[in-house]
Amino acid sequence: MEILDGTKRKDPLQKHDPIFHRDFSKKYPVIDYGKGVYLFDTDSKKYLDASSGAVAANLGHGIEAIADAMAEQAKKAAFVHTLRFETQVQYELAREISDMAPDPLRYVYFTSGGSEANESALKLARQYHRDRGNKEKYLNIGRWQSYHGNTMGSLSVGGDVKRRQPYTPSLIKTDHVYSPYCHRCPYHQNEEHCGRSEQLHCVGELERLIIETGPEFISSFICEPIVGSQQGAVVPPEDYLKQVRALCDRYDILMIVDEVMTGFGRTGTHFAIEQFGAIPDILTFGKGVSGGYAPLAGMIVSEHVVESLKRNGQGKFIHGFTFSGHPVSVAAGLAAVRYYKDQRVLDNCRKQGEYLVQALQVLQARHRSIGQIRGRGLLVGFELMKDRDQDVFYPPEYGASELLNQQAMKLGAIFYPGAGTIDGKQGDHLLIGPPLTITSDEMNEVIHILDLALTEFEQLDQV
């Protein structure tokens, strides 16, 4: 088929894959529908979603009450520009979230995703200091082996080495310290001795960085309360976040806690920070707020930050997104939050989380590849070892966690593989984070499939 200049026109009947895939080397199953903790592809294969997608589908699939709420809102008003208008559903969800959060976190700002939420928090921290006359406070401190999103600002404060490296020339100047991975302390400290010290060594290193950089230049410190995808549910020492909070107060630095993954019941409480006795100035959330039914995230801001904005910034946050407070997404969030309460989802999360850890300990006795098990609620991970007794990880090029997950997918379950646990390159882990509505029978299925997958994975290593 030719046009007048002799060039060929594509046959409209010729098949063409128009999707810009995340990885063009892979062939992805096409999901037809989901029900509860299961996904079904177009070949009728069933997968138990043991990672809630990207630890986002907290309530599972096919909840009609959430879908109906979205449809009803779409019929009423599908889009409202929040520069000009607001909606009743926005007020209702903001009130629900504000009531969940510890005081004085009271004001809720909505975005579409966690990257946007963290980007918003960094910009708000900068404006807060600027409006108060501290114009040189612009630097942020993050942690290595953390993840805060893929926008340039959130990527800059994050510590995901593999995601950062291709964009290094474009990243915003950010300082980093190590997170408190006590089992493999990057500062080579003895966990028991360090825990008895007046100040944890990793917190001391943060203070040293603050002093050397100059606190007059530092705007914020951002961290995950429990490290999620980058280290596989590493829990900090009990006093870590309290000590960080004290440092931020001492040096007039805003403390930002990223609960995009840990929020909305994932660790057994509304927010993981409740378990550590420290309140940040800004808390970011996402994923579970809508149970994955619609793109929704945001930040909860402390009263003193908002009062400063009103007093020193003419009440205006110089920032915004087209889809902030999108009514249909917010309606999904409101229905999801009510479902959490009505179905007592957090109680089930705690119960199933305890059972999961106990079951993993049983598997650990049978499988040499299961190293340290850690986590809270239904955010649980374990180190994937080549030789646990000799404390040897698989080499990075082996792709151990991805191979294990591939074995599990063949058997009908999906987990969340992670690599670069130690330093961005060395170390593998597997994260387990099924929907918080999972039943005991379904949890047994998770354990059974993982057991089989580990057996096959370990046999591969012997070939």
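The values are calculated or read from the model by the stated rules, or taken from the named source; none is laboratory data. Keep in mind it's a predicted model, so treat the numbers as computed, not measured. All Cβ positions, glycine included, derive from the backbone under ideal geometry; neighbour counts span all protein chains shown.
Residue 62 falls short on exactly one of the conditions (1) under 30 Å from residue 417 (Cα atoms); (2) without any contact (Cβ under 8 Å) to a residue 40 or more places away in the chain; (3) out of contact with any Gly (no Cβ under 7 Å at 6 or more places or on another chain), and that condition is (3). Hey, any hits in the range 381-389 for a residue that's out of contact with any Lys or Arg (no Cβ under 8 Å at 6 or more places or on another chain), among the aliphatic types (A, V, I, L, M) and at negative phi? The answer is yes, given that some residue of the range 381-389 is out of contact with any Lys or Arg (no Cβ under 8 Å at 6 or more places or on another chain), among the aliphatic types (A, V, I, L, M) and at negative phi. In this structure, residue 103 does not satisfy being outside the structural domain of residue 338 (by TED's automatic domain parsing), of a type in the set (Asp, Glu), under 25 Å from the mean Cα position of the chain (by Cα) and within 22 Å of residue 288 (Cα to Cα). Considering (1) crowded, with 17+ Cβ neighbours inside 10 Å; (2) under 30 Å from residue 343 (Cα atoms), the lone condition that residue 444 does not fulfil carries the number (1).
Contact map, the range 29-48: residues that are closer than 14 Å to residue 434 by Cα paired with residues that are in a strand (DSSP E or B) and of a type in the set (Gly, Ala, Ser), Cβ distance under 8 Å, separation 6+ or inter-chain. Pairs shown: 47/413; 48/413. Of the residues examined, residue 407 is one that is of a type outside the set (A, V, I, L, M, F, W, C), buried (at least 19 other Cβ atoms within 10 Å of the Cβ), over 22 Å from the mean Cα position of the chain (by Cα) and over 20 Å from residue 183 (Cα atoms). Among the conditions (1) of a type outside the set (A, V, I, L, M, F, W, C); (2) at pLDDT 95 or above; (3) touching a Leu at 6+ places or on another chain (Cβ under 8 Å); (4) more than 15 Å from residue 254 (Cβ to Cβ), residue 131 misses just one, which is (4).
Would you check which residues across the range 25-67 are of a type in the set (Ser, Thr, Tyr) and either surrounded by fewer than 18 Cβ atoms within 10 Å (Cβ to Cβ) or more than 29 Å from residue 271 (Cα to Cα) (or both) and list them? Selection gives 25, 28, 33, 42, 44. Among the residues of the range 373-386, some residue qualifies, meaning at least one is under 15 Å from residue 234 (Cα atoms) and β-branched (Val, Ile, Thr). Scanning the range 353-384 for residues that are in a strand (DSSP E or B), in contact with a helix residue (DSSP H, G or I) (Cβ under 9 Å, 6 or more places away or on another chain) and closer than 21 Å to residue 452 by Cβ turns up 370, 371, 373, 380, 382, 383, 384.
Does residue 223 satisfy the criteria of being within 26 Å of the chain's Cα centre (by Cα) and either assigned by TED's automatic domain parsing to the domain that holds residue 265 or free of Cβ contacts under 8 Å to residues at least 24 places away in the same chain (or both)? Yes; evaluated as a whole, the condition is true for this residue.
Within the range 325-338, residues that are over 12 Å from residue 65 (Cβ atoms) sit with their Cβ atoms under 8 Å from residues that are charged (D, E, K, R), at 6+ positions apart or across chains, in these pairs: 325/86; 327/76.
Taken over the range 68-105, the criterion of being touching a Leu at 6+ places or on another chain (Cβ under 6 Å), surrounded by fewer than 17 Cβ atoms within 10 Å (Cβ to Cβ) and within 26 Å of residue 318 (Cβ to Cβ) is satisfied by no residue. Looking at the range 322-344, can you tell me whether even one residue there is farther than 30 Å from residue 89 by Cβ, crowded, with 20+ Cβ neighbours inside 10 Å, modelled with pLDDT of 95 or more and of a type outside the set (Lys, Arg)? No - not one qualifying residue is present in the range 322-344. Scanning the range 286-338 for residues that are of a type in the set (Val, Ile, Thr) and assigned to a helix (DSSP H, G or I) returns 289, 305, 306, 328, 330, 337.
Looking across the range 110-133 at every residue that is touching a helix residue (DSSP H, G or I) at 6+ places or on another chain (Cβ under 6 Å) and crowded, with 20+ Cβ neighbours inside 10 Å, the one that is nearest to residue 54 (Cα to Cα) is identified as 115. Can you pull out the residues in the range 36-64 that are more than 23 Å from the chain's Cα centre (by Cα), outside any loop (DSSP other than H, G, I, E, B) and not hydrophobic (A, V, I, L, M, F, W, C)? Within the range 36-64, 41, 46, 64 qualify.
For first residues located in the range 413-428 and in the same structural domain as residue 48 (by TED's automatic domain parsing) and touching a residue at least 24 places away in the same chain (Cβ under 8 Å), partners that are among the aliphatic types (A, V, I, L, M) and surrounded by fewer than 19 Cβ atoms within 10 Å (Cβ to Cβ) and lie 6+ apart or on another chain with Cβ distances below 7 Å form the pairs 420/161; 424/161; 425/161.
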